[in-house]
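Following: one structure in structure tokens, then a few remarks.
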Amino acid sequence: MNEHIQIERRGAIQSIRMNRPDKKNAITRAMYAQMAQALTAGDADPDIRCHVILGVPGAFSSGNDLADFMTVATGGEGGREVYDFLLALAKSQKPIVSGVDGIAVGIGTTINLHCDLTFATPRTEFRTPFVDLGLVPEAGSSLLAPAVIGRQQAFALLGLGEGFSAERAKEAGLIYTVVSEAELEAAVFEAAERIASKPPEALKIARDFLLGDRAPLIARIEEEGVQFRNRLKSEEARNAFMAFMSRKK
């Protein structure tokens, strides 16, 4: 069991909490693997009717763990765990509700494009600095974001790397609603309980209609993944990472 991922069950709800506060919930390969396993197992369990994804106060996720990035960038292999998690998100057979507070960077933003409802707090900022780091969008975000928030807002998010406040994200349609920090988890679980109380077969059919054919999304995740791995090994990305690390120091 990875201590940085906490899996709990509340009746018909499975909650997945990223719990690495000292690193602002930077996601490691082990964390991806456990979240993928939880989503897949929850989908297979007829008693689970809704997934919930949470972070910690002040940090949903600061994105991928930089050490994992650098391993690939310096010639190492890996990344299957990330791909398995993204496929589990894209293929999820149960609704997903997320609660976002504070930092939501990179995958911390794009996870929510796969969620059926996202609640965020006023201090939340969504940001995807992929291009700034010499990389490309991931998690199918290059397909989902234009469909969800429109091409120009999607370019501002994914191309310019602009930060979206919670209110801007709500106005754009990226998230469902904004609630206070104190109310966040109660609101998330209340919505999840309402979902879990619905007739499950009717809800599944309705959700499948809303999502449409998922084959193009899965294909886009694969295409982005190839380019992302290639970019990680590029000189442009290495220079961007070195500049980023220098600024952090």
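The values are calculated or read from the model by the stated rules, or taken from the named source; none is laboratory data. Treat the numbers as computed from the prediction; the structure is a model and nothing was measured. Please note: Cβ atoms are built from the backbone with ideal geometry, for glycine as well, and neighbour counts cover all protein chains shown. All accessible areas refer to the heavy atoms of the entire protein, side chains included, with ligands and DNA or RNA removed. Shrake-Rupley method; radii C 1.70, N 1.55, O 1.52, S 1.80 Å.
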(request) Considering each of 143, 211, 203 in turn, give the residue that is under 19 Å from the mean Cα position of the chain (by Cα), under 21 Å from residue 112 (Cβ atoms) and in contact (Cβ under 8 Å) with a residue 60 or more places away in the chain. (result) 143
(request) Say whether the condition of being open to solvent by less than 60 Å² (accessible area, probe 1.4 Å), closer than 15 Å to residue 111 by Cα and assigned to a helix (DSSP H, G or I) is met by at least one residue in region 6-16. (result) no
(request) Scan region 155-166 and give yes if some residue there is surrounded by 18 or more Cβ atoms within 10 Å (Cβ to Cβ), in contact with a Cys (Cβ under 9 Å, 6 or more places away or on another chain) and at pLDDT 95 or above, otherwise no. (result) no
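Please go through region 180-197 and pick out each residue that is charged (D, E, K, R) and in contact (Cβ under 8 Å) with a residue 40 or more places away in the chain. Outline the logic, then answer.
Let us first name the residues in region 180-197 that are charged (D, E, K, R), namely 181, 183, 185, 190, 193-194.
Matches in region 180-197: 181, 185, 193.
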(request) Just give me the residues in region 118-139 being open to solvent by 40 Å² or more (accessible area, probe 1.4 Å) and either assigned to a strand (DSSP E or B) or of a type outside the set (D, E, K, R) (or both), in sequence order. (result) 122, 125, 127, 131
(request) Sort through 114, 51 and tell me the only one that's surrounded by fewer than 24 Cβ atoms within 10 Å (Cβ to Cβ) and closer than 15 Å to residue 16 by Cβ. (result) 114
(message) So, in region 6-34, exactly how many residues are hydrophobic (A, V, I, L, M, F, W, C) and over 20 Å from residue 49 (Cα atoms)?
(response) 6
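If you check 57, 46, which single one turns out to be open to solvent by 30 Å² or more (accessible area, probe 1.4 Å), touching an Asp or Glu at 6+ places or on another chain (Cβ under 7 Å) and either acidic (Asp, Glu) or over 18 Å from residue 228 (Cβ atoms) (or both)? Show your work before the answer.
Numbers: 46 fails: touching an Asp or Glu at 6+ places or on another chain (Cβ under 7 Å).
Just one listed residue meets the conditions, 57.
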(request) Tell me which of these residue 220 doesn't satisfy, since it passes every other one: (1) out of contact with any helix residue (DSSP H, G or I) (no Cβ under 6 Å at 6 or more places or on another chain); (2) open to solvent by 60 Å² or more (accessible area, probe 1.4 Å). (result) (1)
(request) Output the residues belonging to region 172-183 that are in contact with a strand residue (DSSP E or B) (Cβ under 9 Å, 6 or more places away or on another chain) and open to solvent by 50 Å² or more (accessible area, probe 1.4 Å). (result) 176, 183
(request) Go over the candidates 191, 186 one by one and state the one that is assigned to a helix (DSSP H, G or I), among the small types (Gly, Ala, Ser) and open to solvent by 40 Å² or more (accessible area, probe 1.4 Å). (result) 186
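Scan 40, 109 and give me the residue that is closer than 24 Å to residue 130 by Cα and either open to solvent by less than 10 Å² (accessible area, probe 1.4 Å) or within 16 Å of the chain's Cα centre (by Cα) (or both). Steps first, answer last, please.
Details: 40 fails: closer than 24 Å to residue 130 by Cα.
One residue alone meets the criteria, 109.
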(message) Just to be sure before I move on: is residue 104 open to solvent by less than 20 Å² (accessible area, probe 1.4 Å), touching a strand residue (DSSP E or B) at 6+ places or on another chain (Cβ under 6 Å) and not in a loop (DSSP other than H, G, I, E, B) in the structure I sent?
(response) yes
